[in-house]
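Where a number appears in this text, it was derived from the coordinates with a stated rule and is not lab data. Remember, it's a predicted structure, so these values are computed and weren't measured experimentally. Note that each Cβ is placed from the backbone with ideal geometry, even for glycine, and that neighbours are counted across all protein chains shown.
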Amino acid sequence: MLEPALLPTPLVDCTDEVFARAGVELRLKRDDLLHPTVPGNKWRKLAPNLADAVERGHTRLLTFGGAYSTHLRAVAAAAGALGLESVGLVRGEELADRPRNWSLRAAEAAGMRLEFLTRAAYREATGRAAADHGASAEELRRRWGSCLVLPEGGSNALAAVGAAAVPAELPDLGARDVVCCPVGTGGTLAGIAAGLPPGARALGVAVLRGGEGYLEAEVARLHRAAYGREFDNWRIDHAHHGGGYGRVPADLAAFAEGFERRHGVPLERRYVAKLLAALAGLAEAGAFPRGTRLTAVVTGVPDPEQPEQPEQPE
Ligand SMILES: *Cc1c(COP(=O)(O)O)cnc(C)c1O
């Protein structure tokens, strides 16, 4: 078991003018404080998978990610902490001969063995892992040895079950509640929706462009895989991706800096800042009935390269 630093994570009221004007309450679920090296939703999603790996006698984890993947660093750190081996298949063979960036360096420092794949080979390998069942992962095991294969981004049925613990830590949820999170691969949103009591709803904000339809199908697939049914208490907003994954336009950067200054909460830019900016925009546009209570899940910590956060543990 990967011991959490803090569980349940703090739930804090956040009084902010944009929301107040719209008659909407905002709270922050501080999952960013959950674990120093496996932050936020990465801990939520990995914890049940790690328990499963240990229970099934696996000594090695295998997963996938891009050059700056938080998931890759999280798996490396978690495996290291549990004394498991880890292999990371990285998108982009050209990275093999270059000096490691801070993210890949951190993964390696935690003990992960990195293998660099061409984009075509990466697509094929992630596709096999995404099928989420034994047969397709067999080919990967033939190549990389006996291991537990975690899909890209870490979203599988167990990950969704792990994320379902977030709403379980929120008392008194009811019809006026909307629990909100950013959406990368959809595992976190799937878990949050599944963990809600009747009446409450979940809202995901897509941080990538062009995910409409695909991401909804992913969430539904995870629901079937983890719970054997679908849920209708959630939706995904696709209008606040800021131009695409990893893009931080100037207005989003300004929003994030203002929010950090007002509330003293460091905002990870690719996901968390987009979520909060989206909620502010939606509140301002009257998208939430007055009296709505929003709970925004702070799913991670800022990257260390941000000048205002020089000492992030990753
Ligand atoms: C990985 C990540 C997400 C994406 O979560 P999914 O379950 O893939 O949708 C959201 N927020 C942060 C901070 C992340 O690092």
Over the chain, what is the relative contact order in whole percent, taking alpha-carbon pairs under 8 Å and six or more residues apart? 21
Please sort 171-181, 286-296, 76-86 by packing, taking for each peptide the average over its residues of neighbouring beta carbons within 10 angstrom, highest first. 76-86, 171-181, 286-296
Note, residue 139: beta-carbon cut-off 12 Å, +1 each Lys/Arg, -1 each Asp/Glu, net +2
From zero up to wherever the largest Cα-Cα distance of the range 170-314 sits, split into 10 Å bins and tell me the percent of pairs in each. 11, 40, 35, 13, 1
Among the lysines, select those whose C-alpha is under 16 Å from the C-alpha of residue 274, and discard any that sit fewer than 8 residues away in the same chain. 29
